[in-house]
Amino acid sequence: MRVRRRAALGAVALATTLLSVAACGSSGSGGDTASPGTAASQGASSSTQADAAAYLAKVVAAPQGIGYSTPITKRAPSGLRVVVLEANVPIARRIDEERAAAAAALGWKFSKIVIGTGAEDAAKAMSQALDQKPDFIFEAGYNMSAFGDQVARAQSQGVKIIAQCITDKPSGPLIAVDCDLRSTDLMAKASAAYIATHGNGHDVIQLLSSTSFPIDDYYGKSLATQLRPWCPKCQVKTVSFQLSDLGTKLPGMVVSAIQRDPDTTYIVSSFGDAMTGLEPALAAAGLSGKVRIGGYLPGVDQYQGLRDNKQVFWAQDQAPIAGWREMDIAVRAAVGDPISTVTDTAPVSQVLTSDNIGAASFDSAGFWLGVKDFADIYKKLWLLA
């Protein structure tokens, strides 16, 4: 509780500081423009920067609870089978550890299949999952089109699919999407608020976006849209990559993008693992410290980058708690309760910066928790405690 209180107090202090900074340079009389050298003269008015600062002050605050408190109406049946299609990245593995723990608490059978990076691997993994005759399948990042005719097969088998971070809307066997377009918009707005508050009014952002995950492209477009009212002269440019480029081709691609556009001020990634190998590549090219680094969906290395003041912000709404939150969707579907209790509530989130990361909650493996006691909270909602 002390940690949360300190974070909340820090957020209030940050709000005051940011609003004061944003107002500097204004004469205070109606209609006057800001003095030369302020954000207003560089492309963003003091009022819009103040708006961005006010929004940022809200989203850097530590989350309080999971956002809802409605328990299920009866205990879920035991013995149901869930299969997870796992993307081979650290945060996905960590979330699935919690998903397995949630399944164990419910007395459900749990297994996972790691998806490869090939074009047909998602459909193959879905086929293998359906062979196990599960009640629920969980997947992240892949729109239903990636699974081909396996979606129709899931429908015929009566299997329910719960997805994370995709642009599809629920339909057919896809009963729910967590980290959907609405929550991605919120994270894009949070990212835009940081850039508009701390930028120069005409920032050039190189956005790293995976071609494998449509939600990445959506985040980039939403970032540009959310940034426009606060910073009309800012530009968002895209560096597209394949998953096989992580830690191999991608660092060089980013360096080349900056060299082509030396006005670049930010590198923003649609997920943290895309940053693998980037800092050494920037150093080798003599670009260390010349651009700010941030983004959405960080991992352990990005948290350390904030602590070391090598990176500046990361918007976070997918964390170990997601394993329990998305299992809650399955639980409510299993007992016939409205899943909207979960899906109408935004995921637990926070913008992490060098200023607030010291007060944020992390597990022993270094992953952001958001809410420390989430497992106990969900067990109570499931009538298990």
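Looking only at region 228-245, filter to residues that are in contact with a Gly (Cβ under 8 Å, 6 or more places away or on another chain) and buried (at least 20 other Cβ atoms within 10 Å of the Cβ); which one of those is farthest from GLY116 (Cα to Cα)? Give the steps one after another, and end with the answer.
Initially, region 228-245 is screened for residues in contact with a Gly (Cβ under 8 Å, 6 or more places away or on another chain), giving 231-234, 236, 238.
Filter again for buried (at least 20 other Cβ atoms within 10 Å of the Cβ), leaving 231, 234, 236.
Details: CYS231: 39, CYS234: 37, VAL236: 30 Å.
Out of the qualifying residues, it is CYS231.
Output yes when any residue across region 200-218 is out of contact with any Gly (no Cβ under 9 Å at 6 or more places or on another chain), surrounded by fewer than 24 Cβ atoms within 10 Å (Cβ to Cβ), among the aromatic types (Phe, Trp, Tyr) and outside any strand (DSSP E or B), and no when none is.
Looking through region 200-218, at least one residue is out of contact with any Gly (no Cβ under 9 Å at 6 or more places or on another chain), surrounded by fewer than 24 Cβ atoms within 10 Å (Cβ to Cβ), among the aromatic types (Phe, Trp, Tyr) and outside any strand (DSSP E or B).
Restricting attention to region 259-268, does a residue exist that is touching a helix residue (DSSP H, G or I) at 6+ places or on another chain (Cβ under 6 Å), surrounded by fewer than 17 Cβ atoms within 10 Å (Cβ to Cβ) and touching a residue at least 24 places away in the same chain (Cβ under 8 Å)?
Scanning region 259-268, I find no residue that is touching a helix residue (DSSP H, G or I) at 6+ places or on another chain (Cβ under 6 Å), surrounded by fewer than 17 Cβ atoms within 10 Å (Cβ to Cβ) and touching a residue at least 24 places away in the same chain (Cβ under 8 Å), so the answer is no.
Could you please let me know if ALA119 is of a type in the set (A, V, I, L, M), surrounded by fewer than 23 Cβ atoms within 10 Å (Cβ to Cβ), part of a loop (DSSP other than H, G, I, E, B) and not assigned by TED's automatic domain parsing to the domain that holds PHE213?
Working: of a type in the set (A, V, I, L, M): yes; surrounded by fewer than 23 Cβ atoms within 10 Å (Cβ to Cβ): yes; part of a loop (DSSP other than H, G, I, E, B): yes; not assigned by TED's automatic domain parsing to the domain that holds PHE213: yes.
Considered against the rule, which asks whether it is of a type in the set (A, V, I, L, M), surrounded by fewer than 23 Cβ atoms within 10 Å (Cβ to Cβ), part of a loop (DSSP other than H, G, I, E, B) and not assigned by TED's automatic domain parsing to the domain that holds PHE213, ALA119 comes out as yes.
From the list LEU282, LEU287, which one is modelled with pLDDT of 95 or more and part of a helix (DSSP H, G or I)?
Checking each option against the conditions leaves just LEU282.
Can you list residue pairs whose Cβ atoms sit under 8 Å apart, with the first residue in region 354-372 being under 15 Å from GLU97 (Cβ atoms) and touching a residue at least 60 places away in the same chain (Cβ under 8 Å) and the second being surrounded by 20 or more Cβ atoms within 10 Å (Cβ to Cβ) and of a type in the set (Gly, Ala, Ser)? Count only pairs 6 or more apart in sequence or on different chains.
PHE367/GLY299; PHE367/ALA319; TRP368/ALA319; TRP368/ALA360
May I ask you to say which residue of ILE166, ILE72 is assigned to a loop (DSSP other than H, G, I, E, B), of a type in the set (A, V, I, L, M) and in contact with a Cys (Cβ under 9 Å, 6 or more places away or on another chain)?
ILE166
Surrounded by 22 or more Cβ atoms within 10 Å (Cβ to Cβ), within 17 Å of the chain's Cα centre (by Cα) and farther than 23 Å from THR197 by Cβ: does that describe GLY366?
no
Being in the same structural domain as PRO173 (by TED's automatic domain parsing) and farther than 30 Å from SER361 by Cα: is that true of ALA146 here?
When the stated conditions are applied, ALA146 passes them.
In the list ALA44, ALA34, ALA23, ALA39, which residue meets the criterion of being outside the structural domain of ALA193 (by TED's automatic domain parsing) and modelled with pLDDT of 50 or more?
Of ALA44, ALA34, ALA23, ALA39, the one residue that is outside the structural domain of ALA193 (by TED's automatic domain parsing) and modelled with pLDDT of 50 or more is ALA44.
Restricting to region 71-90, give me the number of residues that are modelled with pLDDT of 95 or more, crowded, with 16+ Cβ neighbours inside 10 Å and closer than 23 Å to ALA154 by Cβ. Walk me through it before giving the result.
Pass one, region 71-90, residues modelled with pLDDT of 95 or more: 71-86.
Checking which are crowded, with 16+ Cβ neighbours inside 10 Å leaves us with 72, 76, 80-86.
Subset that is closer than 23 Å to ALA154 by Cβ: 76, 80-86.
Qualifying residue count for the region: 8.
Scan region 185-199 residue by residue and report those that are part of a helix (DSSP H, G or I) and crowded, with 23+ Cβ neighbours inside 10 Å.
Taking region 185-199 as the starting set, the residues that turn out to be part of a helix (DSSP H, G or I) are 185-198.
MET187, ALA188, ALA190, SER191, ALA192, ALA193, TYR194, ILE195, ALA196, THR197, listed by residue number.
The values are calculated or read from the model by the stated rules, or taken from the named source; none is laboratory data. All of these numbers come straight from a predicted model, not from anything done at the bench. Note: ideal-geometry Cβ built from the backbone for every residue, glycine included; neighbour counts use all protein chains shown.
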